[in-house]
Amino acid sequence: MRVLVSGATGIVGRFVVEHLLAQGHEVVAGVRDVTAALPFSRPAETTVLSLDADAPLPAFDGCDAFVHAAFQHVPGRYRGGEGEDPDGFRRANVDGSVRLFKAAKRAGIQRCIFLSSRAVYGRQPVGVLLSEDLAPAPESLYGIVKWDAEQALATLHSDNFVTASIRSTGVYGLLPGLPHKWETLARDHLAGWPVEDRVGTEVHGDDLAAAVLLLLTADAALVGNRAFNASDLLTSRHDVLSELQQATACIHPLPEPIDKSLFSRMDTTRLLSLGWHPGGNARFRADIAALAERLTSDL
């Protein structure tokens with residue numbers, strides 16, 4: 001299968017590209033600058049891709065599928081990623097995405113997967129299990145633009161253009177040349193700085209990429225015009241730093257743990273039914289051990 005991946009050099013995009021290449025698929029990396037060195041472990045083609053309205057459309061030639069992972073935002077921020085330009089944020093991430101969806105359909109792409117977000121659910125009552133059957137109620141502009149793009153893609157679904165959205169939770173995992181999601185937190189703890197606990201749902205980037213590949217290859221009748229939650233663990237900064245201590249023998253006090261029952265989990269039954277098997281606690285522990293090795297080697 002030949003897949004065009006937008007946002008290919010971003011965190012999620014890189015995990016998707018690496019996973020597809022490792023599974024023997026051809027990848028066309030959608031990037032803003034085709035002259036820049038690519039960070040992938042295997043060769044991949046490139047095409048210019050931007051969410052700007054006047055940018056050239058990417059070359060979908062010969063591609064079977066399109067994975068839309070590109071997202072324009074203030075560096076390091078998703079919620080609040082609009083910065084001082086909410087109108088430009090919406091134009092890029094809704095209008096720009098719809099422009100790409102329509103171009104992909106015109107080009108004969110057979111399947112299109114959109115990287116959406118847990119943020120489309122907004123703030124639900126405490127402890128509510130977030131299932132895809134819940135009516136989205138985003139309260140952040142980030143959640144709103146993801147939901148708007150989801151709905152726009154759904155209107156384009158057809159027998160010849162199978163569409164799906166994957167509502168990802170927080171994404172963690174090591175990538176060469178990029179800081180880990182919890183790297184600053186870990187460095188602060190190792191330096192003895194106090195930190196406050198925070199709870200969230202997480203998924204390893206490679207597990208998210210595996211979910212994307214499932215949606216690209218599963219029976220169209222099980223995938224088409226549907227949303228899929230992608231989440232693995234309900235974890236916290238306390239859990240991260242506890243694992244870090246096991247790997248480093250750090251003795252600084254851990255943050256006081258927050259009650260996790262006050263945070264909503266995501267129901268992933270729909271994705272699990274397709275054969276998805278995320279790495280769970282074993283992958284989490286291995287990832288934090290690898291992060292610890294990176295940090296201690298820098299000391």
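Every number in this text was worked out from the coordinates using simple rules, so none of it is lab data. Note that this is a predicted model, so its numbers are computed, not measured. Here Cβ is always computed from backbone atoms with ideal geometry, including for glycine, and neighbour counts include all displayed protein chains.
For the chain, a crude dipole built from +1 on the beta carbon of Lys and Arg and -1 on the beta carbon of Asp and Glu, taken about the Cα centre, is about 360 debye to the nearest 20. The amide H of Ala230, built 1.01 Å from its N in the peptide plane, has Arg167, Ser168, Thr169 as neighbours under 5 Å, considering only residues 5 or more places off or on other chains. Given R0 = 25 Å, the distance between the Cβ atoms of Arg99 and Asp64 translates into a calculated FRET efficiency of 0.75. Extending 7 Å from Cα along the Cβ direction at Glu256 and again at Leu175 yields two label points whose distance is 3.6 nm. Protection proxy ranking of 66-72, 94-100, by the mean of other Cβ atoms within 10 Å over each peptide's residues and highest first, is 66-72, 94-100. Converting phi to 3J(HN,Hα) with the Karplus coefficients 6.51, -1.76 and 1.60 and the offset θ = phi - 60°, segment 129-135 yields 6, 7, 10, 5, 7, 5, 6 Hz in sequence order, with x at every glycine or proline.
Across the chain, the convex hull enclosing all Cα atoms gives 137 Å³ per residue. Where only DSSP H runs of four or more residues are counted, the chain gives -10500 deg cm²/dmol as its mean residue ellipticity at 222 nm, each run worth -39500 (n - 2.57). Residues of segment 166-181 falling in the label zone of Met1, defined by backbone nitrogen less than 15 Å from a point 7 Å along Cα to beta-carbon, are 166. Our coupling estimate for segment 53-67, obtained by passing each phi through the Karplus curve with A = 6.51, B = -1.76, C = 1.60 and θ = phi - 60°, is 5, 9, 7, x, 6, x, 8, 8, 3, x, 7, 9, 9, 10, 10 Hz, Gly and Pro reported as x. The angle between the Cα long axis of helix 96-106 and the longest principal axis of the Cα atoms of the chain comes to about 50 degrees, rounded to the nearest 10.
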